[in-house]
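Taking it in order: structure first as structure tokens, then the write-up.
The values are calculated or read from the model by the stated rules, or taken from the named source; none is laboratory data. Values in this document were obtained by computation on a predicted structure and should not be read as measured data. FYI the Cβ positions are ideal-geometry reconstructions off the backbone, even for glycines, and counts take in every protein chain you see. Just so you know, the surface numbers come from the protein's heavy atoms only, side chains and all, with ligands and any DNA or RNA stripped out. Shrake-Rupley method; radii C 1.70, N 1.55, O 1.52, S 1.80 Å.
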Amino acid sequence: MATQREDRSFPEGFLWGTATAAHQIEGGNWNSDWWEFENKKDTVVVEPSGDACDSLNRWEEDLDLVASFGLNSYRFSIEWSRIEPEEGLFSHAALDHYRRVCLGARSRGLLPIVTFHHFSSPRWFAAIGGFESPRAPELFGRYVKKCSEWLGDVIGLACTINEPNIVSMMGYGLGVFPPGVQNASDRQVAVNAILLSAHQRAVQELRSGPGDFPIGLTLSMAELVATEGGEESRDEFQEVMEDSYLRGTKGDDFIGVQCYSRFHFGPQGFRGPGPGARSTPMGYEWWPQCVGATARRAAAVTGLPVVVTENGVSTQNDAERIEYVTEALVSLHDAMNDGVDIRGYLYWSLLDNFEWTFGYGQYFGLVEVDRASFVRTPKASAQFYGAVARSGVLEVPTK
Ligand code: BGC
């Protein structure tokens, strides 16, 4: 039987991109709290980041790849610990580096989407308490102001803090991110409030600096499902992890949605997806439809346009990545057809890279990176995704 096809068109100007983060790809990020954390004797991190993908040196090659696939945007983060290596000491050389990256993106037809904080902080900042310190919003704001003076005229879109809800949960709940504190829910909630005010401070600084670009927060979200009796714990989780942040984005230009799966809640609270559920090597339930669901919820709660600033799958079977992205984009397209204002989709990630606590044992990339030579080899999924981006049309096989 011949396979039928259904075409789904995305609007002109839709952002098609891919994302990375400094600590996961640059290499040698030794002045950050993450480096310290992953190199401690008793660390929970399976291996240190070391040279990562050597992108500090190979950033032009990375940009060439993104452009060659046919994408129109690239999200990357700038590393606070390089830009402000000691409190109040700013490195113009580091700022110049990131300026070259922004300009390099633009010269290749890519909109530079800049994240100011993606999980890693300078060691001096961690030493004064990181985002537990009442000084954090002011210090983060000062760093953002400095960056804005240097880069404001070349930034295309700004993401203030990446997944602040994960920073606090992993750092003070599960203890698998710095500072490695477990089960301190009061501290987790307090850190959430400080992170939110640091975000708001950053928005003000960026707005009053040079350039004119949309500014938003990028939040980790999941499709949250309660079975009977699980509603209360679902709502509690939703409040701490998502709604408290979503409410704090009033006046922003967009909300960045980042999602990978869905979570289930029963009478005993958080529970697994149940027997027989398909899962990914990260241990997540295979649920690409979470993209449409979370985008809908984020838009409804905030009233802001949505950019899906991260979504993707870790797999060594690249055909699965194509399947995942197709299903994710179908769910997004359905939401757009229902009137949800969605402006873009950024696949996580460009490269197979340092997956935090999991080290190099996860494979989210559109591009494989040889761990010894750093040679980059695009996968079939990069060509597939690029073709969708170039044409703006997703072809979905139907039965
Ligand atoms: C983070 C990325 C991470 C990805 C995959 C997101 O939570 O922003 O840094 O690599 O998920 O786990």
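Table for the structure above
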quantity: Subset of segment 49-98 [of a type in the set (Phe, Trp, Tyr) and within 17 Å of the chain's Cα centre (by Cα)]; calculated: Tyr74, Phe76, Trp80
quantity: Restricting segment 303-319 to residues that are touching a residue at least 40 places away in the same chain (Cβ under 8 Å) and over 14 Å from Thr18 (Cβ atoms), the residue that is nearest to the ligand (Cβ to nearest atom); calculated: Ser314
quantity: Extreme residue, farthest from the chain's Cα centre (by Cα), among residues of segment 272-294 that are at pLDDT 95 or above and more than 16 Å from the ligand (Cβ to nearest atom); calculated: Ala277
quantity: Search result, residues across segment 365-391 that are open to solvent by 10 Å² or more (accessible area, probe 1.4 Å), touching a Phe, Trp or Tyr at 6+ places or on another chain (Cβ under 7 Å) and either free of Cβ contacts under 8 Å to residues at least 24 places away in the same chain or part of a loop (DSSP other than H, G, I, E, B) (or both); calculated: Arg371
quantity: Residue list for segment 101-121, filter: touching a residue at least 24 places away in the same chain (Cβ under 8 Å), more than 16 Å from the ligand (Cβ to nearest atom) and not aliphatic (A, V, I, L, M); calculated: Cys102, Gly104, Arg106, Arg108, Gly109, Pro112
quantity: Test: residue in segment 346-353 that is farther than 28 Å from Ile215 by Cβ, within 14 Å of the ligand (Cβ to nearest atom) and touching a strand residue (DSSP E or B) at 6+ places or on another chain (Cβ under 9 Å); calculated: yes
quantity: Residue count, segment 333-364 (criterion: assigned to a helix (DSSP H, G or I), under 18 Å from the mean Cα position of the chain (by Cα) and polar (S, T, N, Q)); calculated: 1
quantity: Residues satisfying the stated conditions in segment 293-332, i.e. part of a loop (DSSP other than H, G, I, E, B) and open to solvent by less than 60 Å² (accessible area, probe 1.4 Å); calculated: Leu304, Pro305, Gly312, Val313, Ser314, Thr315
quantity: Pair list, Cβ < 9 Å and 6+ apart or interchain, from segment 19-43 residues that are within 20 Å of Leu71 (Cβ to Cβ) and in contact (Cβ under 8 Å) with a residue 60 or more places away in the chain to residues that are of a type in the set (A, V, I, L, M) and away from the ligand (no atom under 16 Å from the Cβ); calculated: Ala22/Leu56; Ile25/Leu56
quantity: The one condition in (1) part of a helix (DSSP H, G or I); (2) in contact (Cβ under 8 Å) with a residue 60 or more places away in the chain; (3) away from the ligand (no atom under 16 Å from the Cβ) that Arg187 fails to fulfil; calculated: (2)
quantity: Scope segment 264-292; condition open to solvent by 30 Å² or more (accessible area, probe 1.4 Å) and among the hydrophobic types (A, V, I, L, M, F, W, C); matching residues; calculated: Phe270, Ala277, Trp287
quantity: Residue ID - farthest from Val144 (Cα to Cα), chosen from residues in segment 100-132 that are among the basic types (Lys, Arg) and assigned to a helix (DSSP H, G or I); calculated: Arg106
